[in-house]
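Quick notes on the structure that follows.
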Amino acid sequence: MKKVNWPKHSVLVIAIVATWLTTYVGYITSFNMKIDNMIQELILFINPLSFLLFIYGIALFIKSVKRRKIYILSISLITSIIMFSNAVFYRFFSDFITLPLLFQTSNFGDLSSSVLANIHGADIFFFTDVIIIALALKFIPNMEKSVSHRKIGRKLYFVVAATILMVNLGLAEAQRPQLLTRSFDRELLVKNIGTYNYHIYDLFIQSKTHAQRALADGSELTEVANYVNANYAEPDPEMFGVAKGKNVIMISLESLQNFVINNEMDGHVITPFLNELTKDPDTFYFNNFYHQTGLGKTSDSEFILENSLYGRNGGAVFFTNSGNTYNSLSEKLGDNGYFTSVMHANNRSFWNRDIMYQAMGIEKFYDVESYEIGEGEAVNWGMKDIPFFEQSIDLLKEMPQPFATRMITLTNHHPFDLDEEDMLIPPYESNSKTLNQYFQTVRYMDESIKVFFEDLKESGLYDDSIIIMYGDHYGISENHNKAMGMYLEKEITPVDTVELQKVPMFVHIPGYGKGEMSDELAGQLDLRPTILHLLGIDTKEDMQLGSDVFSPDHEPFVIFRDGRFVTNDHIYTQEVCYDIKTGEIDESGACESYNERATTELDYSDMIINGDLLRFTEEGQE
Ligand code: GP9
Ligand code: MN
């Protein structure tokens, strides 16, 4: 037989290609990832490559032939184990492995018993590359010679690897802007940067969290507790317990800003149903209420509502601190006999919800698997709000009572796409497609809430429930200021930008009769104490930074995650203090003491979260 003359780095090339293809085939056979277009398909295909080039490329620096062989084989084995473990894990959790999950001891029980049951014979496939590489190492003679590596060739190799990584990230960023900074869905990450890069990323985020946590010993708690106690607002005895024992339905209104309420667009009413509610005697409508979210968007709003603490500055706290101890609203309601849940027709790993919900003691997550999305029932990001609410009614009827559930809507989400049949009003006409469509999706959302109220009444649950609704965060970013200015018929100033962060907040208590429109200045951090007090549950001992909006002592002071703040008289933004009424700069120093308070409060919140301080409280130790 003629001896084949293999080129110098044949084994390396074979190793890279073998692992690459095994990984790719692994992706499509083991994970149920939604691929919408050719570009995403392409990204999925190339995403393992940059990592593999780097990691296998290290072999080029290993002089000893034996060590080089061992190294290459070990890498193929490790990558195969990673893919294999993820596949097995996925069968059970429909999610990719993340470190906090492995650290959460409660998961381990479930895990070990199900691991065996979830291993399939065909999983040997994940080791195809190891087999190919072992054979190559055995039969391809070139590795035997100690190859001298020219530095220039090696450099070129890594330049190519880095270029592929850049192209990959570039394509991913184009498909899903801000992927790494805010969109912490593991599925999206794996889809876009690949399993291997994802694990490195996960390791990086989690070790940062761990290091900060390790430094805290609980002594910081006293200082924070003093601050919290000093700001505690005693509930109004008239309101305390008005909804005692009732079911609690909290509805997160996706991207709903307050400017659309009681407003029109080219003569069309935008939110007819919500407008009615603002005048309804069973409803309190807060029209001076702010979202306080940061990069974590919806997940931040959930975090704030549950914990009355701020999210994190540089990323989504749902992702960075999902291993913490919390004393969440849900957990507290659970302790008070409530069945707690979240209903949201999206995949469970989005925003790391599956893990964070466990940390926050939420009993059940009705995710996309709990819903049936029929033909024409999905648009934009997923299930449409109307079928979502309709199907949720059946789930609500099944829940043990009293229940407390958070329902998270989705249709009114950027880029605000809608099917023709759901457009109840025409689009706005401006240079911003986003704003133009926003009015239509908001109109659709309004309709969905109307449907929900009707169905709730029909189900018989209405009279025994209270409904709290709030906008989760802004929908129209500053990029659309020009169009927004056109709609509001004014030029958008920094003060306007802050005021546009107002989101509507409703507290609807069937049969109450004394509701009103309130212009009390408040924010999302106030939701937790407000809700608990309405249910007659005390919060005096709780480590929370917000206060009950119905309390006579409620302080009109709202701090944003980025340090901006609002008082009844001033708005502080871009490090400038503005008089709210005149919009003029106020240089009298009126904002100074508030500014200090804002910094302190945000610091305390960060201290609690970074140091995982609630594990040192009584509740945390239970
Ligand atoms: C996704 C939904 C939207 O499940 O909550 O998240 P957002 O992009 O608004 O943070
Ligand atoms: Mn949202």
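The values are calculated or read from the model by the stated rules, or taken from the named source; none is laboratory data. The shown structure was predicted, so the numbers you read here are calculated from the model rather than taken from an experiment. Positions of Cβ are backbone-derived with ideal geometry, glycine not excepted, and every protein chain shown enters the neighbour counts. Keep in mind that these areas ignore ligands, DNA and RNA; they rest on the heavy atoms of the full protein, side chains included. Shrake-Rupley method; radii C 1.70, N 1.55, O 1.52, S 1.80 Å.
Within the range 340-366, can you find the residues that are acidic (Asp, Glu) and either more than 14 Å from the chain's Cα centre (by Cα) or assigned to a loop (DSSP other than H, G, I, E, B) (or both)? Can you show your working first?
Here is the first cut: in the range 340-366, the residues acidic (Asp, Glu) are 354, 363.
Glu363 - this is the single residue of the range 340-366 that is acidic (Asp, Glu) and either more than 14 Å from the chain's Cα centre (by Cα) or assigned to a loop (DSSP other than H, G, I, E, B) (or both).
Tally the residues that are outside any helix (DSSP H, G or I) and either within 16 Å of ligand 1 (Cβ to nearest atom) or open to solvent by less than 20 Å² (accessible area, probe 1.4 Å) (or both), restricting the search to the range 429-466. Before you say what the answer is, go through the steps one by one.
Let us first name the residues in the range 429-466 that are outside any helix (DSSP H, G or I), namely 429-432, 460-461, 465-466.
Next cut, either within 16 Å of ligand 1 (Cβ to nearest atom) or open to solvent by less than 20 Å² (accessible area, probe 1.4 Å) (or both) only: 432, 461, 465-466.
So the count comes out to 4.
Every residue in the range 294-308 that is touching a Lys or Arg at 6+ places or on another chain (Cβ under 6 Å) and within 16 Å of ligand 2 (Cβ to nearest atom), please. Let's see the steps before the verdict.
First, the residues of the range 294-308 that are touching a Lys or Arg at 6+ places or on another chain (Cβ under 6 Å): 294-295, 308.
Gly294, Leu295 - these are the residues of the range 294-308 that are touching a Lys or Arg at 6+ places or on another chain (Cβ under 6 Å) and within 16 Å of ligand 2 (Cβ to nearest atom).
Tell me, which residue of the range 501-525 that is within 16 Å of ligand 2 (Cβ to nearest atom) and part of a loop (DSSP other than H, G, I, E, B) is nearest to Asp562 (Cα to Cα)?
It comes out as Gln501.
Out of the residues in the range 233-251 meeting the condition of being farther than 18 Å from Pro529 by Cβ and in a strand (DSSP E or B), tell me which one is nearest to ligand 2 (Cβ to nearest atom). Give the derivation first.
Pass one, the range 233-251, residues farther than 18 Å from Pro529 by Cβ: 245, 247, 249, 251.
Within this subset, residues satisfying the condition of being in a strand (DSSP E or B) are 247, 249, 251.
Working: Asn247: 24, Ile249: 18, Ile251: 12 Å.
Checked the range 233-251; the qualifying residue nearest to ligand 2 (Cβ to nearest atom) is Ile251.
In the range 82-109, what count of residues is obtained for those that are under 25 Å from the mean Cα position of the chain (by Cα) and at pLDDT below 70?
11
Would you mind telling me which numbered condition in (1) surrounded by 15 or more Cβ atoms within 10 Å (Cβ to Cβ); (2) in contact with a helix residue (DSSP H, G or I) (Cβ under 9 Å, 6 or more places away or on another chain) Met399 fails?
Among (1) surrounded by 15 or more Cβ atoms within 10 Å (Cβ to Cβ); (2) in contact with a helix residue (DSSP H, G or I) (Cβ under 9 Å, 6 or more places away or on another chain), Met399 violates only (2).
Residue by residue through the range 312-326, note down the ones that are away from ligand 1 (no atom under 16 Å from the Cβ) and touching a Gly at 6+ places or on another chain (Cβ under 7 Å).
Those that are away from ligand 1 (no atom under 16 Å from the Cβ) and touching a Gly at 6+ places or on another chain (Cβ under 7 Å): Asn313, Thr325.
Which count do you get for residues in the range 567-598 that are free of Cβ contacts under 8 Å to residues at least 60 places away in the same chain and open to solvent by less than 70 Å² (accessible area, probe 1.4 Å)? Steps first, answer last, please.
The first filter runs over the range 567-598 and keeps only residues free of Cβ contacts under 8 Å to residues at least 60 places away in the same chain, leaving 567-570, 572, 575, 577, 579, 581-582, 584-598.
Then keep just the ones that are open to solvent by less than 70 Å² (accessible area, probe 1.4 Å); that gives 567, 570, 572, 577, 579, 586, 589-591, 595, 597-598.
Within the range 567-598, residues that are free of Cβ contacts under 8 Å to residues at least 60 places away in the same chain and open to solvent by less than 70 Å² (accessible area, probe 1.4 Å) number 12.
Can you tell me which residues in the range 468-484 are closer than 15 Å to Val498 by Cα, open to solvent by 10 Å² or more (accessible area, probe 1.4 Å) and in a helix (DSSP H, G or I)?
Residues satisfying the conditions are Glu478, Asn479, His480, Asn481.
In the range 265-297, what count of residues is obtained for those that are modelled with pLDDT under 95 and open to solvent by less than 10 Å² (accessible area, probe 1.4 Å)?
1
If we scan the range 348-365, do we find a residue that is open to solvent by 10 Å² or more (accessible area, probe 1.4 Å), within 14 Å of ligand 1 (Cβ to nearest atom), in contact with a Leu (Cβ under 6 Å, 6 or more places away or on another chain) and not small (Gly, Ala, Ser)?
The answer is no; no qualifying residue exists.
Can you pull out the residues in the range 203-233 that are crowded, with 19+ Cβ neighbours inside 10 Å and not aliphatic (A, V, I, L, M)?
Once the filter is applied, which keeps residues that are crowded, with 19+ Cβ neighbours inside 10 Å and not aliphatic (A, V, I, L, M), the range 203-233 yields Gln206, Thr209.
List pairs: first residue in the range 483-511 and within 30 Å of Asp464 (Cβ to Cβ), second residue part of a helix (DSSP H, G or I) anywhere in the structure, Cβ distance under 7 angstrom, at least six positions apart or on different chains.
Matching pairs, first to second residue: Val503/Asn258; Pro504/Asn258; Pro504/Leu274; Phe506/Leu277; His508/Leu277; Pro510/Tyr462; Pro510/Asp463; Gly511/Asp463.
So, in the range 382-415, exactly how many residues are more than 16 Å from ligand 2 (Cβ to nearest atom) and either of a type in the set (Phe, Trp, Tyr) or assigned to a loop (DSSP other than H, G, I, E, B) (or both)? So that I can check it myself, show each step before the final result.
Our first condition is that a residue be more than 16 Å from ligand 2 (Cβ to nearest atom); within the range 382-415, this holds for 386-387, 389-405.
Pick out the ones that are also either of a type in the set (Phe, Trp, Tyr) or assigned to a loop (DSSP other than H, G, I, E, B) (or both) and you get 389, 399-403.
Of the residues in that region, 6 qualify.
Have a look at Gly311, Gly337, Gly323 and point out the one that is assigned by TED's automatic domain parsing to the domain that holds Ile467, assigned to a loop (DSSP other than H, G, I, E, B) and within 16 Å of ligand 2 (Cβ to nearest atom).
Details: Gly337 fails: within 16 Å of ligand 2 (Cβ to nearest atom); Gly323 fails: within 16 Å of ligand 2 (Cβ to nearest atom).
One residue alone meets the criteria, Gly311.
Examine the range 196-211 for a residue that is more than 23 Å from Asn610 (Cβ to Cβ) and among the hydroxyl-bearing types (Ser, Thr, Tyr), and state whether such a residue exists.
yes
Out of the range 252-276, which residues are within 16 Å of ligand 2 (Cβ to nearest atom) and touching a helix residue (DSSP H, G or I) at 6+ places or on another chain (Cβ under 6 Å)? Please lay out each step first, then the result.
Going through the range 252-276, the residues within 16 Å of ligand 2 (Cβ to nearest atom) turn out to be 252-258, 260.
Val260, the sole residue that qualifies.
Just to be sure I understand the filter: pairs with C-beta atoms under 7 Å, separated by 6 or more residues or on different chains, first member in the range 365-383 and over 22 Å from Phe416 (Cβ atoms), second member open to solvent by 30 Å² or more (accessible area, probe 1.4 Å) and within 16 Å of ligand 2 (Cβ to nearest atom). Which pairs pass?
Asp367/Asn347
Does Trp381 satisfy the criteria of being on the phi > 0 side of the Ramachandran plot, aromatic (Phe, Trp, Tyr) and within 16 Å of ligand 1 (Cβ to nearest atom)?
Details: on the phi > 0 side of the Ramachandran plot: no; aromatic (Phe, Trp, Tyr): yes; within 16 Å of ligand 1 (Cβ to nearest atom): yes.
So Trp381 does not fit the description; no.
Out of Leu295, Leu274, Leu309, report the one residue that is in contact with a Gly (Cβ under 7 Å, 6 or more places away or on another chain) and touching a residue at least 24 places away in the same chain (Cβ under 8 Å).
Working: Leu274 fails: in contact with a Gly (Cβ under 7 Å, 6 or more places away or on another chain); Leu309 fails: in contact with a Gly (Cβ under 7 Å, 6 or more places away or on another chain).
Result of the check over Leu295, Leu274, Leu309: Leu295.
May I ask you to say which residue of Ile72, Ile62 is surrounded by fewer than 21 Cβ atoms within 10 Å (Cβ to Cβ) and assigned by TED's automatic domain parsing to the domain that holds Ile193? Reasoning before the result, please.
Values: Ile72 fails: surrounded by fewer than 21 Cβ atoms within 10 Å (Cβ to Cβ).
From the options Ile72, Ile62, the qualifying one is Ile62.
With in a helix (DSSP H, G or I) and under 28 Å from the mean Cα position of the chain (by Cα) as the only criterion, which of Ala211, Ala162 stands out?
Numbers: Ala162 fails: under 28 Å from the mean Cα position of the chain (by Cα).
Checking each option against the conditions leaves just Ala211.
Can you confirm whether the range 284-302 contains a residue that is away from ligand 1 (no atom under 16 Å from the Cβ) and within 22 Å of the chain's Cα centre (by Cα)? Before the answer, list the steps.
Initial filter on the range 284-302 (away from ligand 1 (no atom under 16 Å from the Cβ)): 284-290.
Now drop any that are not within 22 Å of the chain's Cα centre (by Cα), which leaves 289-290.
Within the range 284-302, one or more residues are away from ligand 1 (no atom under 16 Å from the Cβ) and within 22 Å of the chain's Cα centre (by Cα).
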